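Below you'll find the structure, written out as structure tokens, and then a few comments.
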Amino acid sequence: MASSWLGGASLSTSGPAHRVINPATGAPVAELALATVADVDAAVASARAALRGWATATPADRSAVLAKLAELMEANAELFIAEEVSQTGKPVRLATEFDVPGSIDNVAFFAGAARHLEGKASGEYSADHTSSIRREAVGVVATITPWNYPLQMAIWKVIPALAAGCSVVIKPAELTPLTTLTLARIAKEAGLPDGVLNVLTGAGADVGSALAGHPGVDVVTFTGSTDVGRRVMAAAAVHGHRTQLELGGKAPFVVFSDADLDAAIQGAVAGSLINTGQDCTAATRAIVARDLYDDFVAGVAEVMSKIVVGDPFDADTDLGPLISAAHRDKVAAMVSRAPDEGGRIVTGGHVIARPGSFYAPTLIADVDENSEVYRNEIFGPVLTVRSFTDDDDALRQANDTEYGLAASAWTRDVYRAQRASREINAGCVWINDHIPIISEMPHGGVGASGFGKDMSDYSFEEYLTIKHVMSDITGVAEKAWHRTIFTKR
Ligand code: NAD
């Protein structure tokens, strides 16, 4: 059964049979065999064999392949959209206006950025030497991605690695492998040499951990939950391999008393419900000035009540299902425990009775700072709200989390905005907005949200090594510094 991609061709693997399920219906959309641990060895060997040719290709040649890939992805946009919606249940509007064009734009960005890789200017930092810096491909990259934005997460890891001259083995989440496989097939059509990009559709516990701990890779990049990310880092550490981790989030959404209330309400609904709340940067903790609190809660509840839940392929649908019945049950269980800890469910808080794993948009007010729904990642369409007394209290609450991926501050006061952007501990702080990303700018967190960057020129740092070349410019055999070691020959 063709289910992985290795050496530029489909690979029939012999692991357990696996069905990709449409979470909006519960119906299977594809059946494949998962990869095995033995396939990990083969995929790493394939990437290793292809590395030298790709790493020594000129930037212009690598750029041409990526530019062609962007063009072919555009031509295949409908296929990517159909696969992404079927395997994740995300609304077709989101896939059409965000996932797929965002992915294509990222490829186009790196097609350009591939030609801008430069070392620092060289110079004589010692009187007797010229120093220069070479930035070289780090080698074979192992990448493990989650199910929430399968195509975008694959693109964010794979494309800067390819632009830098690395070869890649990627393991997408077993729930959502389809668009990653299509990406690899189309990359070959774009001229990517065989073996430079390999896809293994295995489970995390065996194939994922074998890949993360494989001695033959040079760097391990991961997007997923904090718990698994730490396990991945431990596996990579056995060989001393570099890691880059994009992990969970619990983004604060701080509404100061001078904020445009209507904008904050719209932003909170959009920011918390995007991708059914299965977004690492989603607004999850609204922290609202006491004098706006009641109006904010009423306004968010009203907008949430108008959200259209339904068939993800219907262009009018705002909210699709959660990724699986198991995940829906986890979200439902967390929300059901919230009242025991003081939370007031203002709207939602229930499973939607229709086939598939749907859950209602949910607003929980008055949550306690120590409650589970306030502290832990829910990864569902759930926004919690608390009030604050003054700016110090607002910023204290915003930072009262182990996570640090994203945050937003809503204010018309430039000094407040500046202070929030300085003092909130996160990889991204939006002012009067929440969610937008752009290929030129980095994405990545601090603390339990991980380290390292996706997107933008900054992501190259994950895929390049820095080599210092120091050349003697005296031409003399008896160099001045030798006298430090010995005086006479
Ligand atoms: P997850 O951690 O369960 O799985 C992520 C990937 O790791 C999957 O491919 C899975 O098969 C694999 N995996 C599982 N166990 C493994 C192991 N022991 N060794 C190696 N690989 C293993 O995450 P998920 O449920 O797929 O995704 C949701 C999580 O991802 C959330 O926590 C979310 O915040 C996070 N996320 C973060 C970002 C970011 O940029 N920071 C982006 C998207 C999602």
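Laid out as a table, the results:
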item: Residue satisfying condition, being in the same structural domain as Ala49 (by TED's automatic domain parsing), modelled with pLDDT of 95 or more and within 16 Å of the ligand (Cβ to nearest atom), within set Lys171, Lys68; result: Lys171
item: Filter result (within 30 Å of Gly213 (Cβ to Cβ) and modelled with pLDDT of 95 or more) within region 115-134; result: none
item: Residue that is within 16 Å of the ligand (Cβ to nearest atom), surrounded by 12 or more Cβ atoms within 10 Å (Cβ to Cβ), under 30 Å from Glu372 (Cβ atoms) and in contact (Cβ under 8 Å) with a residue 40 or more places away in the chain, where the choices are Thr401, Thr411; result: Thr401
item: Every pair of residues 6+ apart whose Cβ atoms lie under 8 Å, when the first sits in region 251-264 and is among the charged types (D, E, K, R) while the second is at pLDDT 95 or above; result: Asp258/Thr411; Asp258/Arg412; Asp258/Asp413; Asp258/Arg416; Asp260/Trp410; Asp260/Arg412; Asp260/Asn432; Asp262/Gly299
item: Matching residues, region 138-160, being closer than 14 Å to Leu211 by Cβ and more than 16 Å from the ligand (Cβ to nearest atom); result: Val140
item: Number of the condition not met by Arg135 [criteria: (1) touching a Lys or Arg at 6+ places or on another chain (Cβ under 9 Å); (2) within 16 Å of the ligand (Cβ to nearest atom); (3) not in a helix (DSSP H, G or I)]; result: (2)
item: Close pairs from region 14-26: first more than 15 Å from Gly356 (Cα to Cα), partner among the polar types (S, T, N, Q), Cβ under 7 Å, at least 6 apart; result: Ser14/Thr36; Gly15/Thr36
item: Candidate set from region 217-244 (those that are within 18 Å of Gly447 (Cβ to Cβ), within 8 Å of the ligand (Cβ to nearest atom) and not charged (D, E, K, R)); member that is surrounded by the most Cβ atoms within 10 Å (Cβ to Cβ); result: Phe222
item: Residues (under 23 Å from Leu79 (Cα atoms) and either of a type in the set (S, T, N, Q) or within 15 Å of the ligand (Cβ to nearest atom) (or both)) located in region 184-203; result: Asn198, Val199, Leu200, Thr201, Gly202
item: Flag for Thr58 being under 21 Å from Val168 (Cβ atoms) and surrounded by fewer than 16 Cβ atoms within 10 Å (Cβ to Cβ); result: yes
item: Residue selected from region 367-378 under the condition buried (at least 18 other Cβ atoms within 10 Å of the Cβ) and over 23 Å from the mean Cα position of the chain (by Cα), by the criterion farthest from Gly404 (Cα to Cα); result: Val367
item: Meets criteria (touching a Ser or Thr at 6+ places or on another chain (Cβ under 7 Å) and of a type outside the set (A, V, I, L, M, F, W, C)) for Tyr149; result: no
item: Selected residue (only one of Asp329, Asp311 is farther than 18 Å from Ser272 by Cα, in the same structural domain as Ala268 (by TED's automatic domain parsing), under 26 Å from the mean Cα position of the chain (by Cα) and within 16 Å of the ligand (Cβ to nearest atom)); result: Asp329
item: Matching option when the condition is in a strand (DSSP E or B) and touching a Leu at 6+ places or on another chain (Cβ under 7 Å), among Val65, Val20, Val40, Val29; result: Val20
item: Residue in region 452-461 that is within 13 Å of the ligand (Cβ to nearest atom), within 19 Å of Ser272 (Cα to Cα) and among the hydroxyl-bearing types (Ser, Thr, Tyr) present; result: no
item: Residue check, Leu151 touching a Lys or Arg at 6+ places or on another chain (Cβ under 8 Å), assigned to a helix (DSSP H, G or I) and under 23 Å from His443 (Cβ atoms); result: no
item: Some residue of region 93-101 being more than 15 Å from Ala55 (Cα to Cα), more than 19 Å from the chain's Cα centre (by Cα), more than 16 Å from the ligand (Cβ to nearest atom) and in a helix (DSSP H, G or I); result: yes
item: So Asp206, is it touching a residue at least 40 places away in the same chain (Cβ under 8 Å), of a type in the set (Asp, Glu) and either more than 13 Å from the ligand (Cβ to nearest atom) or not in a loop (DSSP other than H, G, I, E, B) (or both); result: yes
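Residues are listed down the side, and each one gets a yes or a no for (1) in contact with a strand residue (DSSP E or B) (Cβ under 8 Å, 6 or more places away or on another chain); (2) of a type in the set (Ser, Thr, Tyr):
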{"residue": "Glu377", "(1), (2)": "yes, no"}
{"residue": "Ser387", "(1), (2)": "yes, yes"}
{"residue": "Asp392", "(1), (2)": "no, no"}
{"residue": "Glu402", "(1), (2)": "no, no"}
{"residue": "Trp410", "(1), (2)": "yes, no"}
{"residue": "Glu423", "(1), (2)": "no, no"}
{"residue": "Ala426", "(1), (2)": "yes, no"}
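The values are calculated or read from the model by the stated rules, or taken from the named source; none is laboratory data. Small disclaimer: the values here were computed from a predicted structure and weren't measured. We place every Cβ from the backbone using ideal geometry, glycine too, and count neighbours over all the protein chains shown.
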